[in-house]
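Undergrad: Okay, here's the structure, questions in a sec.
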Amino acid sequence: MTWNRRQTLAGAVGISAGALSGCLNIFTSNENRPLPESPTGTWLQSAHDAGNTGASNVTVPERGTPAWNGGSAETIPPLVDEETVYSVGDALVALDGQTGEQQWRTNLEVDSSGAPLTQPAVTGEHILLGSTGRLMSFDPADGSKQWTRTIDGVPIGPMTVAPDLSIGVVPFERPQQDDPVLELVAFSVASGETEWTAPLRASIRTTPPAVFDECVYASGYTEDETPILRSFAAEDGALMWERTLDAPTTPPVATTDGVFIGDDGAVLVYDPKTGEHRTSVAVADRTIRAIAVADVTVFVLGADGLAAVSASDGSERWSTDGDPQADGLAVGQNTVVAPISGDAFDLETSWPCIGAFDRIDGTTRWYYAVDDTFDPTISAPPVIADGAVFAMSNTNSGITALGDLPPNEE
């Protein structure tokens, strides 16, 4: 894949204007229902945490029945902080995680044609959001604006907040007469002031950056469009190391076991400190769409399905055939939740589904099919909490909460 400006602008931001149980779950009623209990746990950034692991220590519900629908989000996935779900569309909205009731709403003042917005990041004291020409912070308690900082350019992907909550890092396209200038912008979480910048072209498939052990890991392209993975010092943006790739297809994932990245049909693993190439795991005949890492296992959503492979020796633990429907997946304590269609589900037509699979052996636990509209699509990767899965599709505007409930009836 070669970087170009259209890929950058189209994908890296949400454009917002406004049990097996084998059971098939479809909305058959417009009435919202509460989840059995208030969901808990956190999903505070694009891939759950600063390392982009996509793994959260929560229990996915036994069924994935639609409960409530709320918020105005169209393409930007939600975030979860304990019992509150945050939605970003034409407004930033806080929803009660159990009932979907609106707790507060803050207008984001986007124009009618739509404006690029990042998926936000949530800390205990801030909701951080990027938009055209600005970075913003809102109070999680009531949505009031805490600070706004003007910044030239357009955000092209979700932001990442360091584990110590000191800085946020977001890729921006800067205005320039000829070719655009793209760079990582590190800013103070407390004030929004720019701490450092680093040049790096990014694309739909290479954001957000990962922050781990005082380093920022980012993939993208050099000015001559050479695919690369870079490590920067989180304190001042100094380049620590750089490695050339073939065709990066996922953001980096950083853990104690290494820095992982999808590169064409393989997952590459590098030493976090030195950048030494540790291993390559071939997992797909075609493009890898998303990866998540937990307990020395890499969960891979590729163009041919979903698989779990050993991060240490590359052996396959299980796999299921299917077609990915969005670029992301979520791993819980015992379950992997992925946007996928395929023969794993008992359907006459291969509808897009949010599927839940056993983390140990890949057995299908349940699925939620999106088929109540023309050309159904899943518009964002799923997000998980204790007792809930939050999904988005063109069947309903906003966020749909799935939980352990009996199916709706006409």
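Undergrad: Please compute the modelled spin-label separation between residue 226 and residue 174, points set 7 Å along Cα→Cβ, answer in nm with one decimal.
TA: 2.1 nm
Undergrad: Can you give the convex hull volume per residue for the Cα atoms of segment 136-182, as a whole number of Å³?
TA: 92 Å³
Undergrad: Under a Cβ-only charge scheme (Lys and Arg +1, Asp and Glu -1), can you give me the dipole magnitude of segment 322-375 about the Cα centre, in debye to the nearest 20?
TA: Details: 2 positive and 10 negative charges, 68 e Å.
With Lys and Arg at +1 and Asp and Glu at -1, about 320 debye.
Undergrad: Please report, in debye to the nearest 20, how large the charge dipole of segment 5-403 is about its Cα centre when each Lys and Arg carries +1 at its beta carbon and each Asp and Glu carries -1 there. Working shown, then result.
TA: Working: 20 positive and 55 negative charges, 49 e Å.
Computed charge dipole of segment 5-403: roughly 240 debye.
Undergrad: Of 192, 64, 279, whose Cα points farthest to the positive end of the dipole of the chain (charges on the beta-carbon: +1 Lys, Arg; -1 Asp, Glu; origin at the Cα centre)?
TA: It is 192.
Undergrad: Quick check: from the Cα gyration tensor, does segment 240-360 come out rounded (a/c under 1.5), prolate or oblate?
TA: Cα axes put segment 240-360 in the prolate bin.
Undergrad: Something else about it: Where the Cα atoms of segment 174-221 are projected onto their three principal axes, how long is each span, largest first, in whole Å?
TA: 34, 24, 14
Undergrad: Excluding residue 218 itself, what net charge comes from residues whose Cβ is under 13 Å from its Cβ, given Lys and Arg +1 and Asp and Glu -1?
TA: Details: positive: 201, 205, 230, 243; negative: 183, 242.
Its environment carries a net charge of +2.
Undergrad: Here is a further query. Give the long-range amide H neighbours of residue 289: residues separated by 5 or more places, or on another chain, with amide H under 5 Å away, using H modelled in the peptide plane at 1.01 Å from N.
TA: 301, 302, 303
Undergrad: Under Stokes-Einstein, with the Kirkwood radius over Cα pairs standing in for Rh, what whole-number D in µm²/s applies to the chain at 37 °C and 0.692 mPa s?
TA: Translational diffusion coefficient: 157 µm²/s.
Undergrad: How many percent of the alpha carbon pairs in segment 125-206 exceed a separation of 21 Å?
TA: Across segment 125-206, Cα pairs with separations above 21 Å total 26 percent.
Undergrad: If the viscosity is 1.306 mPa s and the temperature 10 °C, what translational diffusion coefficient in µm²/s does Stokes-Einstein give for segment 52-106 when Rh comes from Kirkwood over Cα pairs?
TA: Working: Rh = 12.3 Å.
Result for D is 129 µm²/s.
Undergrad: Nearest 500 deg cm²/dmol is fine: what mean residue ellipticity at 222 nm does the chain get from its DSSP H runs of n ≥ 4 alone, each adding -39,500 (n - 2.57), divided by its residue count? Show your work: numbers first, answer last.
TA: On the way: 1 runs with 7 residues, N = 410.
Estimated from H runs of four or more residues: -500 deg cm²/dmol.
Undergrad: Sort 333-343, 378-388 for me by packing, meaning the mean count of neighbouring Cβ atoms within 10 Å per residue, highest on top.
TA: 378-388, 333-343
Undergrad: Would you please give the FRET efficiency between residue 37 and residue 101, computed as 1/(1 + (r/R0)^6) with r the Cβ-Cβ distance and R0 = 22 Å, to the nearest 0.05?
TA: Efficiency for this residue pair is about 0.90.
Undergrad: Which whole-percent values make up P(r) of segment 37-194 when all C-alpha to C-alpha distances are grouped in 5 Å steps starting at zero?
TA: 2, 9, 18, 22, 21, 14, 8, 4, 2, 1, 0
We did not get these values from a lab; they are worked out from the coordinates using the rules stated. Computed from a prediction, not measured in an experiment: that's the story for all the values here. Methodologically, a virtual Cβ is constructed for each residue, glycine included, from the backbone with ideal geometry; neighbour enumeration extends over all protein chains shown.
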